[in-house]
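Only one structure is covered here, and it is reproduced in the block below.
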Amino acid sequence: MQPSWNLGNTLDAFPQETSWGNPLTTRAHLAKIRSQGFRSVRIPVTWTDHQSATAPYAVDAKFMDRVEEVTDFALAEGLYVVLNVHHDSWQWVDQMSTDHDNVMARFNSLWSQISSTFKDKPRTLLFESINEPEFENATAQQKATFLNELNTSFHKIVRGSGGQNTNRLLVLPTIYCTPDQPLMDTLYHTIKSLNDPNLVATVHYYSWFPFSVNIAGGTHYDEAARKDLDGAFQRMRDTFVARGIPVYLGEYGLLSWPDHHHPSRVERGEALKYFEHFGHAARRTGVTTALWDPFAYLNRETFQWRDQELFDLIRTSWTSRSGSTSFDRLFVPKSGQITDQSLTLNRNGLSFRGLWQGDRKLVAGSDYTVSGDKLTLKAAALTRLVGDRSYGDNATIQAKFSQAGPGNSM
């Protein structure tokens with residue numbers, strides 16, 4: 001199923017599929033995703049506005065038919081599909097502490113209807129019980145109890161509905177879908193107690209928070225951010241993968257990259273390092289990852305990637321590594337003497353091949369030097385490159401490494 005992609009802000013939008021700015025999904029959209037190397041797609045669905053809030057909690061037949069149609073588009077394109085209950089988690093499921101019986105009855109009815117509709121679909125369709133579950137006015141222990149109750153009930157309903165559902169892969173989340181160790185331990189015990197080999201754990205990851213939103217000094221993808229990512233993936237591996245439980249990381253990205261309408265608060269080169277490192281960590285730990293795409297990456301009107309360079313780097317990370325430097329910008333004074341400037345090479349196991357300006361290769365020794373991982377651009381080369389030193393980008397050079405893939409531009 002690796003890699004995976006989210007059909008975000010679509011069937012999870014409310015009150016209608018197109019309410020959040022995306023067009024109606026067609027089979028062509030899923031064909032595009034398949035052609036770009038994705039093997040699976042997560043289809044988030046918010047059922048709240050299409051389900052009665054009182055018994056028998058019936059789902060509108062036209063909406064169920066539409067969910068089935070989009071699911072069939074993806075299955076027909078050879079994609080695995082993860083179908084879930086999405087924003088319902090905070091719209092009514094979160095009220096379990098004060099309205100327990102009604103919440104459970106509605107949740108159970110919803111999954112009974114979904115299970116009945118999709119029971120004869122192939123096992124390339126997976127069900128995810130609930131997205132980012134949260135519970136208001138509840139202690140940590142109560143939250144764990146509520147989620148265990150939801151997951152256990154979901155499992156019983158699906159397994160008892162017959163057809164392909166008897167051994168369909170079922171995806172169970174942690175609280176908030178957070179990969180903290182205590183929350184993953186709780187989920188592990190739930191999965192172990194169900195004694196079912198066809199269960200999958202799911203979490204989400206949006207990077208170390210200060211970096212993800214560029215606050216509190218989180219301006220660079222630095223050691224703290226890298227350590228946070230490595231730690232999260234290692235916990236997933238140790239808690240689940242190493243014990244034979246697959247992990248589907250259902251959403252990833254950066255919180256400051258919500259859509260294409262606003263400039264990113266995270267410096268671009270630093271964000272690219274995050275996505276490159278993320279792909280490597282997923283391969284190293286055996287975790288399947290799903291890019292959260294509300295419309296920020298694929299333009300669903302033109303079928304083009306909004307940022308082709310970014311997508312190229314994400315795609316490269318699925319199979320290999322890319323090198324980079326410690327920062328992707330060098331600044332020179334508006335006037336006065338220009339001096340040598342140094343950067344650190346992030347080789348990522350690759351060999352540094354040199355610097356280029358377009359098709360012209362810079363000369364090692366006179367234009368730049370390399371000592372260990374220290375790359376130094378000489379004053380004379382910088383003076384030539386920046387020319388009249390007008391404000392803005394005066395020159396772009398590229399560091400190239402031994403493995404093919406997107407390089408790092410400065």
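Every read-out reported here was derived from the displayed coordinates using simple, explicitly stated rules and does not represent laboratory data. These figures come from a predicted structure and were not determined experimentally. Don't worry about glycine lacking a Cβ; one is built from the backbone with ideal geometry, like all the others, and counts go over all protein chains shown.
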Note to self: Quick check on the exposure proxy: order LEU79, LEU377, LEU194 from fewest to most C-beta atoms within 10 angstrom.
What the structure shows: LEU194, LEU377, LEU79
Note to self: Cut-off 10 angstrom, C-alpha nodes, Gaussian network model of the chain. Which of SER153, SER112, SER371 fluctuates the most?
What the structure shows: SER371
Next item on the list: Considering only DSSP beta bridges where both residues belong to the chain, give the percentage that are antiparallel (nearest 5).
Entry: 45 percent
Note to self: Neighbour counts of other C-beta atoms within 10 Å: give me ILE157, ILE245, ILE114 arranged from fewest to most.
What the structure shows: ILE245, ILE157, ILE114
Check: Based on the Cβ-Cβ distance of GLN36 and SER402, what FRET efficiency does E = 1/(1 + (r/R0)^6) give at R0 = 25 Å, to the nearest 0.05?
Finding: 0.45
Checklist line | the range 1-95: relative contact order in percent, alpha carbon pairs under 8 Å with at least 6 residues between | finding: 34 percent
Check: To the nearest 20 debye, what is the magnitude of the charge dipole of the range 4-317 about its Cα centre, counting +1 on the Cβ of each Lys and Arg and -1 on the Cβ of each Asp and Glu?
Finding: 1020 debye
Checklist line | Among 301-312, 32-43, 80-91, 131-142, the order from most to least packed when residues are scored by Cβ within 10 Å on average | finding: 80-91, 32-43, 131-142, 301-312
Note to self: Please list the three semi-axes, largest first and in whole Å, of the ellipsoid equivalent to the chain, using sqrt of 5 times the eigenvalues of its alpha carbon gyration tensor.
What the structure shows: 45, 22, 19
Note to self: Give me the dipole magnitude in Debye, nearest 20, for the range 324-409 about the Cα centre, with unit charges on the beta carbon: positive for Lys and Arg, negative for Asp and Glu.
What the structure shows: 100 debye
Notebook entry, point to check: If you rank LEU187, LEU24 by fewest surrounding Cβ atoms within 10 Å, what's the result?
Noted result: LEU24, LEU187
Next item on the list: Using just the alpha carbons, could you tell me how many Å³ per residue the convex hull of the range 324-409 encloses?
Entry: 92 Å³
